[in-house]
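The values are calculated or read from the model by the stated rules, or taken from the named source; none is laboratory data. Computed from a predicted model, the values in this text were never measured in an experiment. Methodologically, a virtual Cβ is constructed for each residue, glycine included, from the backbone with ideal geometry; neighbour enumeration extends over all protein chains shown.
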Amino acid sequence: MSASGPILFRIASAATARRLCAVAILTATALVSGCATSVSAIHDPLYRAVTHNSTITANASNSRNGIQRIDIEVTTGEMTDCTELGGPPAIIPCRRNASTITHTCNFAGNPSSATCSYAQSLGNQSMVTYRATATPGSGSSRSTTEITYAGGYPPTAFIARPVWWQRGEPFAAKIDVGFFPDADYSGRFTDFTDDIQTIILGSYFNSGQPFASMYTLYRNNVNMWAAPFGADANGCTRTFNASVTPIAAEMDGEAIVHETDFRDCASIAHGGSGSVWANAGDPDWIFVHESGHFLFAQGDEYDGGGNWSPGPCKNVFPDEAECQAAAPGAGADPNDCVEIGSTGTWRNSGGGLETMKDRNDNSNFRNNSAECVIDRFIDCGSGSCY
C-alpha cells in the first residue's frame, strides 16, 4: 500500500479496513502492493488550454521478477461534440481523426522498478487516451486503467473537457467531479486550467500529505472534468447559466474555482456544488474539505460552520446519544463524543486532526466522516455512486 494506507487503516473500523484493502487491490492499480507487478501512469500537465508539450509517464515495479518492458499505447485525435455522428450536440465529448501509437521502453537486466515516458506536442481541441502495460521478467503483465484527457484550447461547443476520464469504465461506477471557472477569470480559461492543475494534483495525486490520502487512494473511482465559462460564485451563492447547466447535470458534484477572495461554501448533500479559492495557499485542502460537503454530505465539525449531516451516514449528530451509538461502527470510542462549541450538535473527537474541522494539511477524514467517505467510494466502485 502507499504511504497513505496505514493512516486510513488506523482511522477505519476493522470491517471497513478489510473492505478498503479489497477495493484498493481491485480498483487502484497504481497502489497495489499485494500483486507481483504494479504499474501506474500519469500525464503532465493534466490539462492546459494552450498548445503545449504533454508527457505521459509510467512507473512499474516487480521486486521478484523485475520489469522487462513497459508499453504506453496513446491515441490522439480531435475533441468534438459528437455532431459528426449525425445526432444532437453531446455533453460528454467524442473524438475524430484519431491515430494510435505504442511507445515501448525495454530494460536490460530486468530492474525491480522502471520508468518509461512518452512526450508529444498537443494542438488545440486535442483529446488523448493512454494505457500503460508493464511486462515482468516472467509472469503476467499488468495494465493501468485507460485514461483520457483534453489538451489545447477547447472547441467552442459547450462540452465537458476531460482532465482525468476513465473512458472505458461505466459512467455510473465513477464519481464525476466538474471544475467550473468563475466569472472572475474574465475569459482567461488557460489561467483556470493552470489553477485546477494545482488543486487536482494536490488532492488526488498526493500521497505525502494526510488530507489527500483518501482521495489519492481512491483516485481510480473518480473522473475529473473542466467546464466552460458560465458559473458564478460569491459566498454561499452559486449559479450556473443555461449553457453550462446541462454539464453540471452530468456531474456528481461541481466545484466553482474563483480568484476573488471570499469565504468558500458548499451544499451539504450527496451531489451538490461548492466553491474553491484558487489563490489561497491551500486550494487543494479547501477542495477536499468543501467536496466533503458536496460529494459526501459531511457537516462541519467546527463551531460556526454548517453543523449538520443529512445522512444516512453522518459525521455530525443532533445529540450525544446518537453520536455514541454511531461510534462503534466507525471504529471510534463513544466516550470521545463532544459537543461542537455550544451548537447542540455533536462529533467524535478521537483520532487527531479532522478535515471537516481543522484547516491543516495533517488533517484527514477520521472516525465517522472516514466511514462515510469510504463507504461511498466502495459503493461507487461497485456501480452505484449515488
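Quick notes on this structure:
- Residues within the stretch 192-232 that are free of Cβ contacts under 8 Å to residues at least 60 places away in the same chain and in a helix (DSSP H, G or I), tallied: 1
A quick yes/no check of all residues on (1) in contact with a Gly (Cβ under 6 Å, 6 or more places away or on another chain); (2) surrounded by 15 or more Cβ atoms within 10 Å (Cβ to Cβ):
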| residue | (1), (2) |
| --- | --- |
| V244 | yes, yes |
| I247 | no, yes |
| T260 | no, no |
| S267 | no, yes |
| S273 | no, yes |
| W277 | no, yes |
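- Here I247, I256 are screened, and the one residue that is β-branched (V, I, T) and assigned to a helix (DSSP H, G or I) is I247.
- Filter result for the condition that a residue is modelled with pLDDT of 95 or more and within 30 Å of F365 (Cα to Cα), over L46, L85: L46
- Qualifying residue in the stretch 156-169 (condition: at pLDDT below 95 and of a type in the set (F, W, Y)): no
- Across the stretch 101-150, the number of residues qualifying as in contact (Cβ under 8 Å) with a residue 40 or more places away in the chain and part of a loop (DSSP other than H, G, I, E, B) comes to 15.
- A183 in contact (Cβ under 8 Å) with a residue 24 or more places away in the chain and surrounded by 22 or more Cβ atoms within 10 Å (Cβ to Cβ): no
- The number of residues in the stretch 197-212 that are more than 23 Å from I256 (Cβ to Cβ) and either buried (at least 23 other Cβ atoms within 10 Å of the Cβ) or acidic (D, E) (or both) comes to 1.
- Of note, I374 does not satisfy the criterion of being buried (at least 16 other Cβ atoms within 10 Å of the Cβ) and out of contact with any helix residue (DSSP H, G or I) (no Cβ under 9 Å at 6 or more places or on another chain).
- Of all residues in the stretch 340-363, those satisfying the criterion of being without any contact (Cβ under 8 Å) to a residue 60 or more places away in the chain and of a type in the set (K, R) are R347, K357.
- Scanning the stretch 66-87 for residues that are surrounded by fewer than 17 Cβ atoms within 10 Å (Cβ to Cβ), farther than 20 Å from G123 by Cβ and not polar (S, T, N, Q) yields L85, G86, G87.
- Residues of the stretch 153-165 that are surrounded by 22 or more Cβ atoms within 10 Å (Cβ to Cβ) and assigned to a loop (DSSP other than H, G, I, E, B): P154, I159, A160.
- Selected residue (only one of A60, A98, A90 is in a strand (DSSP E or B), surrounded by fewer than 20 Cβ atoms within 10 Å (Cβ to Cβ) and hydrophobic (A, V, I, L, M, F, W, C)): A98
- The residues of the stretch 225-243 that are under 19 Å from the mean Cα position of the chain (by Cα) and within 12 Å of V257 (Cβ to Cβ), listed by number, are A226, A227.
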